[in-house]
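Derivation of every value follows stated rules applied to the coordinates shown; laboratory data play no part. Keep in mind that this is a model prediction, so the values were computed, not measured. Here the Cβ is made from the backbone with ideal geometry for all residues, glycine too, and neighbour counts use every protein chain on show.
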């Protein structure tokens, strides 16, 4: 298996959805695949741009898992149960990819409120499915960029949760986890609160 085989290779197709700023795009000049692009961005200190690119380069299922691993890593001790439940529901969708767990993840995300990273993991799972319409209604597919946008948001919020001064260290760990997932691994990160 090629290194980082789960990452998309078609960088030009990913970039419009990732909506990177001009400095990040300048770092990517001459780059043709996402794996190289993520590495270049990280080396240049454009870590959030690397996260955004990774959110769109991974397949949706793996991207939702990655976001869940990142949010679990920075979850505070005594985290509200609803936030844990939404993350668990999103992970259930990753395992089953069924409509019921996807809709449960979205319902719990609404209850958690959209100001916590765990809620955005639930939204990412929901936007990874076939339809945003209620069951039994005509299919309304989510726009292709929505799941990646929610994943990027979840990971970015997780990187500053509780202690924004830890963002650079956290983003480095998150990008290591992304690479592990792209290589077929689990990308699990030990809870930060246990360190």
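A protection proxy built from the mean count of other Cβ atoms within 10 Å ranks the segments 98-105, 69-76, most packed first, as 69-76, 98-105. Over the chain, DSSP H runs of length four or greater, each weighted -39,500 (n - 2.57), average out per residue to a 222 nm ellipticity of -19500 deg cm²/dmol.
Sorting the Cα pairs of region 66-113 by distance into bins of 10 Å, from 0 upward, gives 29, 55, 16, 0 percent per bin.
With contacts taken as Cα pairs under 8 Å at a separation of at least 6 residues, region 3-148 carries a relative contact order of 19 percent. Seen through its C-alpha gyration tensor, with square-root eigenvalues sorted a ≥ b ≥ c, region 112-174 comes out prolate because a/c lies at 1.5 or above while a/b is bigger than b/c. Residue ranges 119-125, 183-189 sort as 119-125, 183-189 when ordered by packing (mean number of other C-beta atoms within 10 Å per residue, highest first). Between rounded, prolate and oblate, where does region 60-195 land on the alpha carbon gyration tensor, with a ≥ b ≥ c its root eigenvalues, rounded for a/c under 1.5, else prolate if a/b exceeds b/c? It comes out prolate by the Cα gyration axes. Rounded, prolate or oblate, given the Cα gyration tensor of region 1-106, with a/c below 1.5 counting as rounded? Prolate is the answer for region 1-106, as a/c is 1.5 or above and a/b outweighs b/c. Averaged over residues, the count of other Cβ atoms within 10 Å places the peptides 146-153, 79-86 in the sequence 146-153, 79-86, highest first. The distance separating the Cα centre of region 67-81 from that of region 10-25 comes to 29 Å.
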